[in-house]
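Notes follow the structure.
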Amino acid sequence: MNRLAVICARGGSKGVKGKNLRMIAGKPLIAHTIEQAKASGVFHTVAVSSDSADIREAGRRYGADLLVERPDEMASDSAPKVPAIRHCAESAEKSTGIHFNVIVDLDATAPLRIVDDIVGAVRLLETSDFANIVSGAPARRSPYFNLVERDDTGRVHLSKPPKDNIFRRQDSPDCFDLNASIFVWTRDMLYSDVPTPLGDNTGIFVMPEERSIDIDTETDFEFVEFMLNKRGSAA
């Protein structure tokens with residue numbers, strides 16, 4: 001089984017400027033994900049895709065096998081991520097001459113994952129009939145119990161009314177927050193006509209809340225840094 005790890009990291013960032021190269025727990029943010037991918041031992045190639053030469057250089061310094069220049073049109077604030085993953089995978093195949101059966105997107109802004117999470121998500125895909133896997137954590141709020149929507153009149157209603165009354169959140173169906181950490185694709189799913197992280201045959205790899213923070217704000221950055229430093233001091 002030939003597996004490719006793709007780490008897409010844009011040079012621009014609105015919420016936390018320059019976050020992919022910002023130092024956190026002693027190294028640039030992107031370095032944590034590169035090192036996790038390498039340490040997992042499941043990938044033939046670890047590729048960093050970026051429109052930024054500085055990010056690609058950081059990828060080289062921290063052990064990425066392949067550096068891919070991401071086209072500007074795939075690096076804007078509004079650009080979807082799947083085309084960038086495809087572009088990186090296509091570049092990797094041209095460069096290595098390898099046909100990758102499994103492509104794994106690891107988000108650089110979710111460094112609290114551990115190596116076992118990567119291995120587990122890949123194993124889940126390869127031991128199941130799922131076409132792709134997303135990672136997530138048990139949701140704190142349930143659309144069946146305490147997550148509401150406001151209608152045109154200003155009144156609020158449960159986002160997903162249950163068939164029967166539910167009096168405790170614990171009795172509602174299991175719900176998950178997608179944590180943007182790990183996306184595992186079969187080749188056929190990634191190259192389908194309308195590839196989407198949530199298709200008709202998508203499975204979920206469940207991670208704990210403490211490993212599921214995606215950095216979108218300065219507060220996220222500070223919390224993740226605290227958790228990484230705490231993990232390091234306990235090692």
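The values are calculated or read from the model by the stated rules, or taken from the named source; none is laboratory data. From a predicted model like this one, the values you see are computed outputs, not experimental measurements. Note that each Cβ is placed from the backbone with ideal geometry, even for glycine, and that neighbours are counted across all protein chains shown. The protein model used for the area step is the full one, side chains on, heavy atoms only, and it has no ligands, DNA or RNA in it. Shrake-Rupley method; radii C 1.70, N 1.55, O 1.52, S 1.80 Å.
On inspection, A89 fails the criterion of being within 21 Å of Y191 (Cα to Cα) and modelled with pLDDT under 90.
Filtering segment 149-164 for residues that are closer than 30 Å to K19 by Cβ and either outside any loop (DSSP other than H, G, I, E, B) or open to solvent by 60 Å² or more (accessible area, probe 1.4 Å) (or both) leaves an empty set. Out of the residues in segment 197-208 that are at pLDDT below 95 and open to solvent by 50 Å² or more (accessible area, probe 1.4 Å), state the one that is farthest from A5 (Cα to Cα). Result: D200.
Within segment 165-180, if we keep just the residues that are farther than 30 Å from P111 by Cα and part of a loop (DSSP other than H, G, I, E, B), the residue that is most open to solvent (accessible area, probe 1.4 Å) turns out to be F167. Inside segment 101-124, residues that are closer than 27 Å to T219 by Cβ and surrounded by 17 or more Cβ atoms within 10 Å (Cβ to Cβ) make up a count of 12. Within segment 125-148, being more than 24 Å from the chain's Cα centre (by Cα), loosely packed, with under 15 Cβ neighbours inside 10 Å and in a loop (DSSP other than H, G, I, E, B) holds for one residue alone: N146. Of all the listed residues (D77, D54, D116, D107), the sole one being over 25 Å from D193 (Cβ atoms), charged (D, E, K, R) and touching a residue at least 60 places away in the same chain (Cβ under 8 Å) is D77.
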